[in-house]
Amino acid sequence: MTLRPQTRTVPSWLTQWEYAHRSLHSVGIPENSLEAAKLAVKAGLGIECDIQLSLDSKAMVFHDWELDRLTGKSGFTDEFTRSELEKLPLQATNHTIPSFSTFLNEVAAAVPILIEIKSKPGYAVEQTCERVAEELKAYSGDCAVMSFDPRTPQWFRKNAPETVCGLVMREDEFGHTQTAKQREAALMQAEPDFLAYHIAALPNPWVRSLRDCGLPILTWTVNSSQEREIALEHADALIAEGEGLE
């Protein structure tokens, strides 16, 4: 496989932190909530969060396309406005879905943020990229964007080159890069500053060779002590939750 050498200098903070997956959530503290972000800051952890758009094209911090699992309400995130989403209780708690701007205000540059931009086949991910880039113009904290969709880092390199951008990748049946050819094509299209690789696919000779060439490797989602040991040996930074956190 062709190796892509690292061509941009990646800021040192990227690999000096451990990141709480979907913020520091637990029982009663929903994932991607403002309270989970607050607890991550208090614990001295970086934050990983998910972004997609509302009906009125506002960036919202929410993982699933469907609302059911986290809110008990039927429908899709992009079928509701920002105002409507901000009123939906998360997991029967008093916490609600935050907008990205509110989330940034909560973190207030205290810790770095990894911003995963959600995408799927047929999705116009560039619009989400535009909204996130707009929000980040006024934000002074350390942050990076990343996505499974290689169009995301490609867009940021062209339109907001000051933003650190990464490619998220997995090899199992849920991903879109099951073959070596697909993985290489995604990497070449994205030209990422870093790679966030599925912990289940590590150790990995290809990933090791990329790391040896200077491409920083993050790994997700580390959620056990056994996975933590693997991650510490084969990656530069961990995106973790539960028992996978230090």
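Observations, loosely collected:
- Relative contact order, percent, region 1-160 [alpha-carbon distance under 8 Å, six or more residues apart]: 21
- Counting 0.36 nm for each residue step from D56 to K38 and taking away their Cα separation leaves a gain of 3.8 nm.
- Of all lysines in the structure, those lying under 24 Å Cα to Cα from K38, and not within fewer than 8 positions of it along the same chain, are K58, K87, K118, K137.
- Label zone at E79, where the point sits 7 Å out along the Cα-to-Cβ direction: region 18-59 residues whose backbone N lies under 14 Å: 55
- Our summary gives region 46-105 a relative contact order of 32 percent, counting only alpha carbon pairs under 8 angstrom and 6 or more residues apart.
- Each Cα pair under 8 Å and six or more residues apart adds its separation to the average, and for region 129-175 the resulting relative contact order is 36 percent.
- Three-way shape call for region 76-121 based on the alpha-carbon gyration tensor, with the a/c threshold at 1.5: oblate
- Estimated inter-spin distance, Y139 and E243, nm [label 7 Å along Cα→Cβ]: 3.2
- Each label was represented as a point 7 Å from its Cα along the Cα-to-Cβ direction; for S209 and K158 these points are 2.9 nm apart.
- Looking at region 85-128, none of the chymotrypsin sites (Phe, Trp or Tyr not before Pro) sits in a DSSP loop with at most 15 other Cβ atoms within 10 Å of its own Cβ.
- Among (i) 15.6; (ii) 14.7; (iii) 12.3, the entry derived from the coordinates for mean projected area of the Cα convex hull in nm²: (iii)
Coordinate-derived values only; no laboratory data. The structure presented is a predicted model; accordingly, all values stated were derived computationally and were not measured. Positions of Cβ are generated from backbone atoms using ideal geometry, with glycine treated the same way; all protein chains shown enter the neighbour counts.
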